[in-house]
Structure formats: structure tokens, C-alpha cells
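Worksheet for the structure shown next.
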Amino acid sequence: ELIVDAMARRFGLCGVGLIGLLSWLGFTSLAATPTPPSLPRRVVVAAPAALISGGKLPLTVGLGTCLVSDKDVTRQVTTALECGYRVIDTAQRYGNEEGIGRALSAAFAEGRVKRDEVFVTTKVWPANYGYKKTIESVKESAKKLGLESIDLVLPHWPGIGTEIELAQQNAILRQQTWKALEDLQRDGLVKQIGVSNYNERHLGELLDYAQIRPMASQFEIHPFNTREKLVQMCQDLGIRVNGYSPLGGKGNPNQVTDQLLQMPFLEEMASVYGKTPAQLILRWHLQRDTTPIPKASSKARLAENIDVFNFQLSDADMKEISSCDRKRFAVLNSEVFL
């Protein structure tokens, strides 16, 4: 295999752990914050306990499970379902699909939630790219998750490596992998397909050959990296946007969560709304029509993250949060994949 060892060192457990990336590649305080408006500009609701499985990615707060062990993820997902989460995100590389499957199977069997009320996403790791390997790996993912069909499946990264010598192979594998996902959707094992970490160039290339347009695109988004151009491109194409590391990628070597949540203007703004800085940021995602998938382990933090549907940020506060953009990646700029 061309990639397994190098990519594992490079991305760690789940496409992160990028210490030493460059060598490996070689190559404000605010004025007074306005009082929150009494009437919302546009209502954003949480994913209802209704039929969401297999449809469009819901506009709600989902649960990220990157860096969560298979053992711990069962408790995390069980608690998240109790708190009202209905969108669960995982990946083959996370190594926790079986643990999520245990939590879901128990919840379904005990009648705490119905299968049609939950939306599950997983991602194909680059070592499994190519037509045949993609199909085999997704079948294995469905088995681990205990699902007859997976709501959404994405290729995790746009290639198997970043060396210029791999550019042609990356392009071929992207097309073969997408063809496999299209066939898996036609066969019913997968309900929706999309992409992960595709930038404008990768997405434009995909649209040239795709018979089925991606339903969703998942990539890193937070106030220090608003990804305005890519978000707009996806939304113009009718592609749902799914943001990982929505609070700055805590747990990654280049995380900006601590710096972001301690910004004085966010603390001041949060006091006006009676919310936490993290809740303001998650609400910012939702009002941009993007679905954030923050990680959390404790029940208190899980509950806090999803308690963002009873207030609305003003236009001025939305712009102030967006003005933090520094185009700073906590994980990796996928532009390095040719």
C-alpha cells in the first residue's frame, strides 16, 4: 500500500495529529454588544424526533466522535441521544463504529429512539479508496454500525497522499471511489453520499464526472476559519454544509479552541445573550446554514452544546464573529492534496 503507514503517522487516529506536518510534506474588544433581538430573523430548529434518516443532512447540532475510543463512544452516544442529539458522525479511521453500533442498537431495542429518527454519517479512509475496496469497506462499516443502510457516506480526504507524484493516482482514485459510492446508493446500502475535506478544486472536478451530486460536504469551519468561499459554493450548488472542529478543533495539535473561546468580545457577547461563548459559536454555524458536529464527553457539555435553539444572533453579532476569520486550520488545508 502506498499510504497506510505515512497517512497514519500524518493524521493520527482520525485525520489529525499533524505535528511535524511541514517537515513531513517537505514542501478586539467590541463596542457595546446590542441587546439580542426579540424576534428571530429566521427560525432554526433542532432536528425533530421525526423521520430524518436518509434525507438531507439536518440543520442542527450533531455529535462528533473523532478521538473518542470505541469503549468510550458507546457511553458518549447513549448520553447524546438522551440529550436530544439525532445526528452522529464517525469514520472508519476513528475506530469506533462498533461502539456507536452498540449504543444505537440498544437505543433502538429499548424504544428510546427509532432508527428513522437518527442520521448517521461515516467516512471511507484513503487506504480503502478504489471501486472494490470502497464497496467492501462500506459494507464492513454498515456491519459494525449495526445498520441495514448508512445515512451518509463520504470519502475522508481527497487523496492517498500529498506528493506531486501521487497527483494522477489521487484523481483516478477519487473518481473510482465516487463511482463505488454512487452504486452503493443505488443498491440501498447507502442513503446519501457526499464528500469530506474537498476544496473548491476537488469539488469542481467531482461535478464534472459525478452522476449523482453530493448531498453534503464536510470540512473544517470555525470563526478563525470561516471558509466563506467554499461554504458559498456548496450552498449555491444545493450541497448541505457540515462543519467539523466547529469550536476550533480541541484535541488537535494546532487547535484554536482555547484562544477562540477566551476572546473578550465573545465573553461579553455571551453575557448579553445569557449563553456561553461555545453556544454563540454553534448558533453562528446554524445561522450560516451549516451543521456543526462538536465533540463533547460529559453530559453537561453535551447538553450545553445542543441548547442553542432558543435565541437568535443579531446580524451585527453574526458579522462580528465572522470578522475573526484568520484562515487558520486546526487540522489540515486539503489544498495540499493534488
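The values are calculated or read from the model by the stated rules, or taken from the named source; none is laboratory data. Just so we're clear, the structure is a prediction, and the values are computed from it rather than from any experiment. Reconstructed Cβ throughout: ideal geometry from the backbone, glycine too, with neighbour counts over all protein chains shown. The protein model used for the area step is the full one, side chains on, heavy atoms only, and it has no ligands, DNA or RNA in it. Shrake-Rupley method; radii C 1.70, N 1.55, O 1.52, S 1.80 Å.
Charging the Cβ of each Asp and Glu at -1 and of each Lys and Arg at +1, and nothing else, the dipole of the stretch 174-329 about its Cα centre rounds to 360 debye. Please give the FRET efficiency for residue 213 paired with residue 112, using the beta carbon to beta carbon distance and R0 = 30 Å, rounded to the nearest 0.05. It comes to 0.30. Put 208, 151 in order of accessible area, highest first, and with a 1.4 Å probe you get 208, 151.
Calculated FRET efficiency, residue 168 to residue 258, Cβ-Cβ distance, R0 = 41 Å: about 0.50 to the nearest 0.05.
The mean of 1/r over all pairs of different alpha-carbon atoms in the stretch 240-338, once inverted, gives a Kirkwood hydrodynamic radius of 14.2 Å. Spin-label pair residue 236-residue 82: with each label point 7 Å from Cα along the Cα-Cβ axis, the two points sit 4.6 nm from one another. Approximating the spin labels as points 7 Å out from Cα along Cα→Cβ, the residue 105-to-residue 201 distance works out to 4.4 nm. Near residue 87, the amide H atoms lying under 5 Å from its own belong to 63, 119; only residues 5 or more places off or on other chains count, and H is placed 1.01 Å from N. Legend: residue pairs 275/327; 56/295; 179/319; 71/123; 56/179; 114/327, Cα-Cα distance threshold 30 Å; pairs beyond threshold, 179/319; 114/327.
For GluC sites (Glu not before Pro), no site in the stretch 62-105 is both called loop by DSSP and has at most 16 other Cβ atoms within 10 Å.
Quick one: net charge around residue 266, please, counting Lys, Arg +1 and Asp, Glu -1 for every other residue with C-beta under 12 Å from its C-beta. Let's see the in-between values first.
Numbers: positive: 275, 283; negative: 267, 268, 317, 320.
With Lys, Arg at +1 and Asp, Glu at -1, the net is -2.
Distance between the pseudo-spin-label points of residue 299 and residue 336 (7 Å out from Cα toward the beta carbon): 4.1 nm.
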